[in-house]
Amino acid sequence: SIWGSLLALVLTVAIVAGVLWLFGSGIIRGREAAAEEVAQALGGATQARVIIAPAVGSLHVESLAESDNLVAGVIHPVSGENVNRDFTVKDETATFTLQSAGSFGPFTPFFGSWGGEPGWDLGLNGEVPLELEVSMGVGESDLDLEELQVSDLTVSMGVGQTTVVLPDEGRFQAKIDGAIGQTVVVIPAGMEARVQVDTGLAGSRLPAGYRQQDDVYTSPGYAGAEDRVDLEVSQAIGNVSIRRSEVR
């Protein structure tokens, strides 16, 4: 029924709000886990596919300063979490995977098993074209991709908040999916966009001035733009906010 659906939506939003508040307050942080350094060289590659898949916690991704590494940073694992790494190079294309593994579940953080600085803090090489895949089960993702050369982007979140600042140059495709929570996408000034939105039971907000046809929104200068993105955003329950950056 309509009233049953509304009640389910209110309860879900309340749960998500509680989870995000706990993340921010630090209440769900427990004993400290040993940090792991990440430093993966390019290995002669001129382009790369990078897969980043933490299960729970927080994730921050940004561009590296001048570096010979493809990926560098630090990971503070959840108690019981192992981080699997895999790197290969074929025909000057590198494939690098960082993925959670171990005997822990999605409710692990609620039992105080996180360290003082839980999360993954990573930098990616901004000098090589990237195919980037990011996924997380429960937590908060902050992806600042403005200075990266991304040719294809896929982001998925189970429960939590995702913030993505898109690259400011190039032509690329991006797909961002969220199940429960909030998704925020920032389109840099000068980047034109065609955006397809599927919101389910989520609310949405898009930039002013975009032309709408059904569930597709197109910026005024998209057709002839040198820098443009074809963006798909879906959010089952929660909120979607897509906005333009005011400065380039």
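The values are calculated or read from the model by the stated rules, or taken from the named source; none is laboratory data. A quick note: this is a predicted structure, and the numbers were derived from the prediction, not measured. Neighbour counts run over all protein chains shown; Cβ positions are idealised from the backbone, glycine included. The area values use the complete protein model at the heavy-atom level, side chains included, leaving out ligands, DNA and RNA. Shrake-Rupley method; radii C 1.70, N 1.55, O 1.52, S 1.80 Å.
If you go through region 37-60 one residue at a time, do you hit one that is loosely packed, with under 14 Cβ neighbours inside 10 Å, of a type in the set (D, E, K, R) and not in a loop (DSSP other than H, G, I, E, B)?
Yes, the conditions are met somewhere in region 37-60.
Can Arg194 be described as without any contact (Cβ under 8 Å) to a residue 40 or more places away in the chain, within 20 Å of the chain's Cα centre (by Cα) and within 20 Å of Thr154 (Cβ to Cβ)?
Values: without any contact (Cβ under 8 Å) to a residue 40 or more places away in the chain: yes; within 20 Å of the chain's Cα centre (by Cα): yes; within 20 Å of Thr154 (Cβ to Cβ): yes.
Yes; evaluated as a whole, the condition is true for this residue.
Just name the residue that is modelled with the lowest pLDDT out of those in region 139-156 that are buried (at least 23 other Cβ atoms within 10 Å of the Cβ) and under 18 Å from Val78 (Cα atoms).
Gly139
Got a number for residues in region 214-234 being out of contact with any Asp or Glu (no Cβ under 6 Å at 6 or more places or on another chain) and at pLDDT 90 or above?
Residues that pass the stated criteria total 11.
Is it true that Leu206 is of a type outside the set (Val, Ile, Thr) and either at positive phi or in contact (Cβ under 8 Å) with a residue 60 or more places away in the chain (or both)?
Judged against the criteria, Leu206 is not a match.
Go through region 185-196 residue by residue and tally those that are assigned to a strand (DSSP E or B), open to solvent by 10 Å² or more (accessible area, probe 1.4 Å) and of a type in the set (A, V, I, L, M, F, W, C). Step through it out loud before you land on a result.
First pass over region 185-196, keeping only residues assigned to a strand (DSSP E or B): 185-187, 192-196.
Filter once more, keeping what is open to solvent by 10 Å² or more (accessible area, probe 1.4 Å): 186, 192, 194, 196.
Checking the rest, the ones that are also of a type in the set (A, V, I, L, M, F, W, C) come to 186.
Selection size over region 185-196: 1.
Give me a count of the residues in region 166-184 that are farther than 11 Å from Val233 by Cβ, part of a strand (DSSP E or B) and open to solvent by less than 30 Å² (accessible area, probe 1.4 Å).
Total meeting the criteria: 2.
With respect to the numbered conditions (1) surrounded by 12 or more Cβ atoms within 10 Å (Cβ to Cβ); (2) closer than 23 Å to Thr154 by Cα; (3) modelled with pLDDT of 90 or more, which one is the sole condition not fulfilled by Asp68?
(2)
Any idea which of (1) at pLDDT below 90; (2) surrounded by fewer than 22 Cβ atoms within 10 Å (Cβ to Cβ); (3) within 23 Å of Gly158 (Cβ to Cβ) is the one Pro109 doesn't satisfy?
Of (1) at pLDDT below 90; (2) surrounded by fewer than 22 Cβ atoms within 10 Å (Cβ to Cβ); (3) within 23 Å of Gly158 (Cβ to Cβ), only one is false for Pro109: (2).
Looking only at region 231-241, count how many residues are β-branched (Val, Ile, Thr) and within 14 Å of the chain's Cα centre (by Cα). Before the answer, list the steps.
Keep residues of region 231-241 that are β-branched (Val, Ile, Thr), which gives 233, 237, 240.
Imposing the further condition that a residue be within 14 Å of the chain's Cα centre (by Cα) reduces the set to 233, 240.
Final tally of qualifying residues: 2.
For Asp168, indicate whether it is touching a residue at least 40 places away in the same chain (Cβ under 8 Å) and charged (D, E, K, R). Before the answer, list the steps.
On the way: touching a residue at least 40 places away in the same chain (Cβ under 8 Å): yes; charged (D, E, K, R): yes.
Against the criterion (touching a residue at least 40 places away in the same chain (Cβ under 8 Å) and charged (D, E, K, R)), Asp168 qualifies.
Condition (residue is of a type in the set (Val, Ile, Thr) and within 22 Å of Asp168 (Cα to Cα)) applied to region 72-94: is it met by at least one residue? Explain how you work it out, then say what you get.
So the first thing to find is which residues in region 72-94 are of a type in the set (Val, Ile, Thr), and the list is 74-75, 78, 83, 88-89, 93.
With the extra rule that they be within 22 Å of Asp168 (Cα to Cα), the set shrinks to none.
No, every residue in region 72-94 fails to be of a type in the set (Val, Ile, Thr) and within 22 Å of Asp168 (Cα to Cα).
For Val134, state whether it is within 27 Å of Ala101 (Cβ to Cβ), in contact (Cβ under 8 Å) with a residue 40 or more places away in the chain and within 11 Å of the chain's Cα centre (by Cα).
Details: within 27 Å of Ala101 (Cβ to Cβ): yes; in contact (Cβ under 8 Å) with a residue 40 or more places away in the chain: yes; within 11 Å of the chain's Cα centre (by Cα): yes.
It is true that Val134 is within 27 Å of Ala101 (Cβ to Cβ), in contact (Cβ under 8 Å) with a residue 40 or more places away in the chain and within 11 Å of the chain's Cα centre (by Cα).
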